[in-house]
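Asker: This is the structure, below, for whatever I ask next.
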């Protein structure tokens, strides 16, 4: 299974780079492509002051572009998008396939004083459900938002449904590189599955001069918790091959699921 993580800064309504990179990915045989958070939308701090009409326009445009790209290049594209219904705004991850579109609304949102998505977005805070799970051929993927990776409860259905790879779009900043890498490698190891993370790059500067620098470091972790690939802090496309056999072998080797099956 050949996958790709596209590491970009915010693109706004421009689709030129997206078209170019997807053409390259298609020629390389990529079947699933992942984008980082706030790549197709402006960053959250900008959304807070943006008129609803403009957010709607951006959402409609990006949905149309991604549907067209998925169909034209016969590729599954997983993209975080800010979507709207009526007067409400939602933080979503959308899976565009040539003949279908699947939606996953982020279930656990950041709620810090300086970065309060929980207050801004209308996403439901109900009992946790399974992440969005889909198959490409015999390979099973799950979609999970970056912040959700911190919560143990998000992984119950990943284990139950024998997910081979988790796709994680993120927008990490504030020199958190080492912490994020450790978290991703640990989750990949304890669940014996691949984790592909696409993190955006670029910078957002507030009116008071405070800078939010997005450092990239998109990466691929193995089912054995090893760092297989990672990017720097520039615009790049990572292409990698995933092996279902590698997932099966890791689960047999470590046997983390067996002790739970034997209990009354």
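The values are calculated or read from the model by the stated rules, or taken from the named source; none is laboratory data. Model, not experiment: these values are computed from the prediction. Backbone-built Cβ (ideal geometry, glycine too); neighbour counts: all protein chains shown.
Asker: Residues of segment 24-41 being more than 16 Å from the chain's Cα centre (by Cα) and surrounded by 13 or more Cβ atoms within 10 Å (Cβ to Cβ), which ones? Explain how you work it out, then say what you get.
Answerer: Step one: filter segment 24-41 for residues more than 16 Å from the chain's Cα centre (by Cα), giving 24-30.
24, 25, 26, 30, listed by residue number.
Asker: On the basis of being more than 21 Å from residue 105 (Cβ to Cβ), without any contact (Cβ under 8 Å) to a residue 24 or more places away in the chain and touching a helix residue (DSSP H, G or I) at 6+ places or on another chain (Cβ under 9 Å), does residue 192 make the cut?
Answerer: For residue 192, the condition - more than 21 Å from residue 105 (Cβ to Cβ), without any contact (Cβ under 8 Å) to a residue 24 or more places away in the chain and touching a helix residue (DSSP H, G or I) at 6+ places or on another chain (Cβ under 9 Å) - is not met.
Here's the yes/no breakdown for (1) out of contact with any helix residue (DSSP H, G or I) (no Cβ under 7 Å at 6 or more places or on another chain); (2) modelled with pLDDT under 95; (3) on the phi < 0 side of the Ramachandran plot; (4) part of a helix (DSSP H, G or I):
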position: 163; (1), (2), (3), (4): yes, no, yes, no
position: 180; (1), (2), (3), (4): yes, no, yes, yes
position: 185; (1), (2), (3), (4): yes, no, yes, yes
position: 188; (1), (2), (3), (4): yes, no, yes, yes
position: 209; (1), (2), (3), (4): yes, yes, no, no
position: 224; (1), (2), (3), (4): no, no, yes, no
position: 237; (1), (2), (3), (4): no, no, yes, no
position: 249; (1), (2), (3), (4): yes, no, yes, yes
position: 263; (1), (2), (3), (4): yes, yes, yes, no
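Asker: Only residues that are part of a loop (DSSP other than H, G, I, E, B), closer than 27 Å to residue 216 by Cβ and out of contact with any helix residue (DSSP H, G or I) (no Cβ under 8 Å at 6 or more places or on another chain): list them for segment 113-156, please. Explain how you work it out, then say what you get.
Answerer: Taking segment 113-156 and keeping what is part of a loop (DSSP other than H, G, I, E, B), we get 113-114, 121-131, 137-138, 144-145, 151.
Keeping just the survivors that are closer than 27 Å to residue 216 by Cβ gives 113-114, 121, 123, 131, 144-145, 151.
Passing the criteria: 113, 114, 121, 123, 145, 151.
Asker: Of the residues that sit in segment 212-222 and are assigned to a strand (DSSP E or B) and touching a helix residue (DSSP H, G or I) at 6+ places or on another chain (Cβ under 8 Å), which one is surrounded by the most Cβ atoms within 10 Å (Cβ to Cβ)?
Answerer: Among them, the one singled out is 221.
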